[in-house]
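Novice: There's a structure below that I have some questions on.
The values are calculated or read from the model by the stated rules, or taken from the named source; none is laboratory data. The shown structure was predicted, so the numbers you read here are calculated from the model rather than taken from an experiment. Here Cβ is always computed from backbone atoms with ideal geometry, including for glycine, and neighbour counts include all displayed protein chains.
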Amino acid sequence: MRFLLDDEQREFARALDDMLGSAGTPGVVRSWAAGDHGPGRALWARLAEAGVFALAVAQEHEGLGPLPVELAVAFGELGRHAVPGPLAETVAAGALLGRLGGDAAHAWLPQFASGKAMASLCVLSPGGGPYALDADAADAVFVVDGDTVRLAASHGPVQSSADPARRLARPLGGAVLGQGPEVTAAAAYATDVAALVTAAQALGLGRSLLERTVRYVRQRTQFGVTVGSFQAVKHRLADTLIALEFAQPLVHAAALALAADDPAAGREVAAAKVSACEAAYGAARTALQLHGAVGYTEELDLSLWIRKARPLRNAWGTPAACRARVLADGPVG
C-alpha cells in the first residue's frame with residue numbers, strides 16, 4: 001500500500017490550489033449564502049474543466065474514474081479554499097448512479113463529469129439524513145429510502161445551517177428510478193464516497209484555518225511581543241497540527257481501500273471521517289480562540305472557514321456513528 005502521493009497527484013493539487021487561490025472564493029461563498037448561485041456556478045464550471053467531477057465518473061460515461069485517491073486530493077483543495085455547493089453530494093450521486101447503471105446513469109453521469117449539472121443526494125439511512133444540501137441550486141436531487149431510489153420532484157422550504165452557505169431542504173415526491181437490494185448496496189457505496197470526500201474537505205479546511213491562525217499570531221502583539229511567542233499559544237497550535245497530520249494518512253488509506261474495493265473500506269472511511277473532521281473542528285476552535293474577538297466578526301473572511309467545520313463534522317456520518325462503525329469491526333490497521 002502506497003501512502004505517498006505521486007508527482008502527478010501533487011501537481012494536480014498545486015494546480016487546483018493556484019486556480020482557487022485566484023478565484024475569490026470568499027466572495028463566491030457570500031453570494032452562495034445569499035442565494036445568488038451565479039458566481040458559484042462559474043467556479044463549478046472551472047472545477048469541471050480541471051477534471052474534478054470527472055474523477056467520480058467511469059470512462060464509459062465520459063469520466064476519468066472512479067479514482068478515489070485523486071478525488072480525496074481534489075477535495076482537500078476544495079476544503080482549503082472553502083468552495084461552496086453540493087460538492088460531496090454530486091460526487092456521491094455519481095457513485096450511486098455508476099453502481100446502478102441504466103437510463104438514469106446514461107442521462108446524468110456525463111453531465112456531472114462535464115460540470116453541466118450539479119446534484120444533491122439524500123440518503124434516509126444511517127450516514128445520511130432527511131435533508132438535501134443545496135436542493136435549490138441542484139439540477140437533480142436523488143433520494144434513497146431503503147431499497148428505493150427516486151428523483152425528487154421538488155423540495156420544501158430552504159433552511160440555513162451553522163454555515164450560511166450550506167442550505168438545506170427536504171426533497172418531495174418524485175419518480176422511482178430503481179428498487180431492490182442493488183439500490184441498498186449502491187447507496188452504501190455512495191455514502192462511503194461522500195464520507196471520504198467530506199473527510200478530505202474537512203482536512204483541507206483545517207489546514208487552511210491553521211495556516212491563517214499561524215500568520216495572525218505572528219503579527220498580533222501583546223505586552224510588546226507577538227502572541228505567537230507565548231508557550232501556551234505554541235502548544236495549542238502544535239496540538240492542532242498533530243491532529244491534522246495524524247488524520248492525513250487515514251484519509252489516504254480510506255481512499256486506497258475504496259479504490260481497491262476492499263471489504264473493509266467502510267471501516268477505513270469511518271476512521272478517516274471522524275479523525276479528519278474532529279481535527280478540523282479543533283482547528284476552528286483554535287482559530288477562534290487565538291484570533292480573539294475579531295474571530296467572531298462575519299466581516300472577517302476567517303468566519304467563512306470557521307463556520308464550515310461543525311456542519312462538515314456531522315455531514316455523512318456523525319463522530320459517534322463513525323466511531324461505532326469502527327468499533328463494530330475492530331481497530332483499523
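Novice: Just give me the residues in the range 44-64 being outside any loop (DSSP other than H, G, I, E, B), buried (at least 23 other Cβ atoms within 10 Å of the Cβ) and in contact with a Leu (Cβ under 8 Å, 6 or more places away or on another chain), in sequence order. Show your work before the answer.
Specialist: Of the residues in the range 44-64, the ones outside any loop (DSSP other than H, G, I, E, B) are 44-49, 53-56, 58-61.
In the following step, the residues that additionally are buried (at least 23 other Cβ atoms within 10 Å of the Cβ) were identified as 44, 53-56.
53, 54, 55, 56, listed by residue number.
Novice: Residue 176 is checked against (1) farther than 30 Å from residue 99 by Cα; (2) touching a residue at least 12 places away in the same chain (Cβ under 8 Å); (3) more than 25 Å from the chain's Cα centre (by Cα) and fails just one. What number does that condition carry?
Specialist: All conditions pass for residue 176, except number (1).
A quick yes/no check of all residues on (1) over 23 Å from residue 186 (Cα atoms); (2) not in a helix (DSSP H, G or I); (3) not hydrophobic (A, V, I, L, M, F, W, C):
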| site | (1), (2), (3) |
| --- | --- |
| 237 | yes, no, no |
| 249 | yes, no, yes |
| 254 | no, no, no |
| 269 | no, no, no |
| 272 | no, no, no |
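Novice: Another question, if that's okay. Across the range 166-210, which residue is surrounded by the most Cβ atoms within 10 Å (Cβ to Cβ) among those that are part of a helix (DSSP H, G or I) and β-branched (Val, Ile, Thr)?
Specialist: We begin by selecting, within the range 166-210, every residue part of a helix (DSSP H, G or I); these are 181-210.
When the remaining residues are screened for being β-branched (Val, Ile, Thr), the result is 183-184, 191, 193, 197-198.
On the way: 183: 21, 184: 16, 191: 24, 193: 28, 197: 32, 198: 29.
Applying the filter and picking the extreme gives 197.
Novice: Ok, one more. Within the range 134-146, is even one residue under 21 Å from residue 64 (Cα atoms), surrounded by fewer than 15 Cβ atoms within 10 Å (Cβ to Cβ) and not aliphatic (A, V, I, L, M)? Quick ask: steps written out before the conclusion?
Specialist: First, pick out the residues of the range 134-146 that are under 21 Å from residue 64 (Cα atoms): none.
Scanning the range 134-146, I find no residue that is under 21 Å from residue 64 (Cα atoms), surrounded by fewer than 15 Cβ atoms within 10 Å (Cβ to Cβ) and not aliphatic (A, V, I, L, M), so the answer is no.
Novice: Mind listing whichever residues of the range 13-35 are among the aliphatic types (A, V, I, L, M), assigned to a helix (DSSP H, G or I) and over 16 Å from the mean Cα position of the chain (by Cα)? Please lay out each step first, then the result.
Specialist: Start the filter on the range 13-35 by keeping residues that are among the aliphatic types (A, V, I, L, M), which leaves 13, 15-16, 19-20, 23, 28-29, 33-34.
Narrowing further to those that are assigned to a helix (DSSP H, G or I): 13, 15-16, 19-20, 28-29, 33.
If the condition is that a residue be among the aliphatic types (A, V, I, L, M), assigned to a helix (DSSP H, G or I) and over 16 Å from the mean Cα position of the chain (by Cα), then 15, 19, 28, 33 are the ones that fit.
Novice: Here's a follow-up. Has the range 114-135 got any residue that is over 20 Å from residue 30 (Cβ atoms) and assigned to a helix (DSSP H, G or I)?
Specialist: Yes; the residues of the range 114-135 include at least one that is over 20 Å from residue 30 (Cβ atoms) and assigned to a helix (DSSP H, G or I).
Novice: With respect to residue 163, determine if the residue is farther than 24 Å from residue 105 by Cβ and crowded, with 19+ Cβ neighbours inside 10 Å. Give the steps one after another, and end with the answer.
Specialist: Working: farther than 24 Å from residue 105 by Cβ: yes; crowded, with 19+ Cβ neighbours inside 10 Å: yes.
So residue 163 fits the description; yes.
Novice: Starting from the range 255-280, keep only residues that are basic (Lys, Arg) and at pLDDT 95 or above, then list their pairs with residues that are in a loop (DSSP other than H, G, I, E, B) and crowded, with 24+ Cβ neighbours inside 10 Å whose Cβ atoms are within a distance under 8 Å, requiring at least 6 positions of separation or different chains.
Specialist: Every condition considered, the pairs that remain are 273/316; 273/317.
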